[in-house]
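Single-structure report; data block below.
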Amino acid sequence: MRTLARGPRRTAAVLTASAALLVGLASAPAAEAASPHRHRPVTLDDLARQHGRYFGSAVDNPELADTAYADLLGAEFGQTTPGNGMKWDATEPQRGVFDFTSGDEIADYAKAKGLKLRGHTLLWHSQLPSWLSSGSWTAEELRAVLKTHITQVVKHYRGKVFAWDVANEIMNEDGTYRENIFYKTIGPSYIADALRWAHAADPKVKLYLNDYNVEGTGAKSDAYYTLIKQLKADGVPIDGFGMQAHLALQYGFPYQLQQNIQRFADLGVDVAITELDIRMVLPSDATTLARQADWYSQVTSACLAVRRCVGITLWGYSDGHSWIPSTFPGEGAALPWDENLRHKPAYDAIHAALTAARS
Ligand code: XIL
């Protein structure tokens, strides 16, 4: 083949191949045309891109050692989020001592694979280092600690992440503020300040609030609606609302998902589905997997139906690497790929929803 392909014959061969490719592209359905290589299968991210969206998956540092998993993630998806690597306990394990090893590992992987990167998360009640959670702080001291943390971490990842979950899980189910250490010590002003400090450290990065059980309408999502409206009115930098979407078949599909996404978009912020998984009580069977597939399809379609819903991130993509079994004993099977990286019905349902939607 090598000798044949040299010289004028090579040109002729290339031309013939290109012509065949062009003919192929012209007659192929839109989904096929998105693939730059003839034999590369069309990925979920290829399809999402046709709608101006991304389709991503979180990754946790130890998972990078599973090369089959890491390679497929890099090929199939267009975006990633570190599962743990940028949290406070990882990035500032001692006061004023920053460690970006884990976060950088994910950032380097994202760059190597051409994935957009969401930063997660600057402020959360969970996974705080003990020097912070068991310290006793005045409001002034804790404000300084928070400002330093946000400034250092955001500056470090400037130009590498396109969005930050600035504040994670700051509301209770009833729509009151969660009494995390920041709320208890500083009061609710820490939220606007966190956004302002993040903006000062990287004026270009998109700043999000992120939470679970906010996908449907209800007291908790109402609280975010009111908060974001107020932040906007006050001129506080806020660009997006992240709906984690850790769904569970036994609790029902989020009420009015699409309308809820739309009302946040109408406030003038982007919406992202940031941590999607759909768990069930084990063992799974054909019926529950079909129901799960339908839910994945519905979430995908709801996002595509709202112009400002910018993308969907799975919280890991295979049942072999999922936080669910250890966090919710007896539950699992939450993702579109099984432990052996084979497609489940959910994968086909997402694929079909991305194909069916009109751009
Ligand atoms: C989870 C990680 O996936 C686990 O590895 C870790 O032990 C606990 O945190 N909401 C969030 C994520 O915002 O950061 C959580 O990630 C899942 C729930």
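The values are calculated or read from the model by the stated rules, or taken from the named source; none is laboratory data. Everything numeric in this text was worked out from a predicted model, so none of it was measured. Please note: Cβ atoms are built from the backbone with ideal geometry, for glycine as well, and neighbour counts cover all protein chains shown. Heavy atoms of the whole protein, side chains included, go into the accessibility calculation; ligands, DNA and RNA do not. Shrake-Rupley method; radii C 1.70, N 1.55, O 1.52, S 1.80 Å.
Angle, helix 219-233 long axis vs. longest principal axis of the chain, Cα atoms, 0 to 90°, nearest 10? Taking Cα atoms only, the helix is inclined about 90 degrees.
Measuring with a 1.4 angstrom probe and ignoring ligands and nucleic acids, His125 comes out at about 70 Å² accessible. Put simply, the convex hull of the Cα atoms in the chain casts, on average, a shadow of 20.7 nm².
Ranking Tyr255, Tyr177, Tyr157 from most to least accessible surface, computed with a 1.4 Å probe over the protein chains only, gives Tyr255, Tyr177, Tyr157.
Taking the C-alpha atoms only, the angle from helix 257-266 to the longest principal axis of the chain is near 70 degrees. In this structure Asp348 has an accessible area near 90 Å², from a 1.4 Å probe over the protein heavy atoms.
At the residue level, Arg263 shows approximately 50 square angstrom of accessible surface with a 1.4 angstrom probe and all protein chains present. Would you please state which residues of the range 44-85 a label at Glu105 would reach in this model, taking the label point 7 Å out along Cα→Cβ and a backbone N cut-off of under 12 Å? Answer for the range 44-85: 60-66, 83-85. Between the Cα long axis of helix 345-356 and the first principal axis of the chain there is an angle of about 80°, rounded to the nearest 10. Dividing the mean sequence gap of close Cα pairs (under 8 Å, 6+ apart) by how many residues the chain holds gives a relative contact order of 14 percent. Measuring nothing but how far apart in sequence close Cα pairs (under 8 Å, 6+ apart) lie, relative to its length, the range 261-359 scores a relative contact order of 35 percent.
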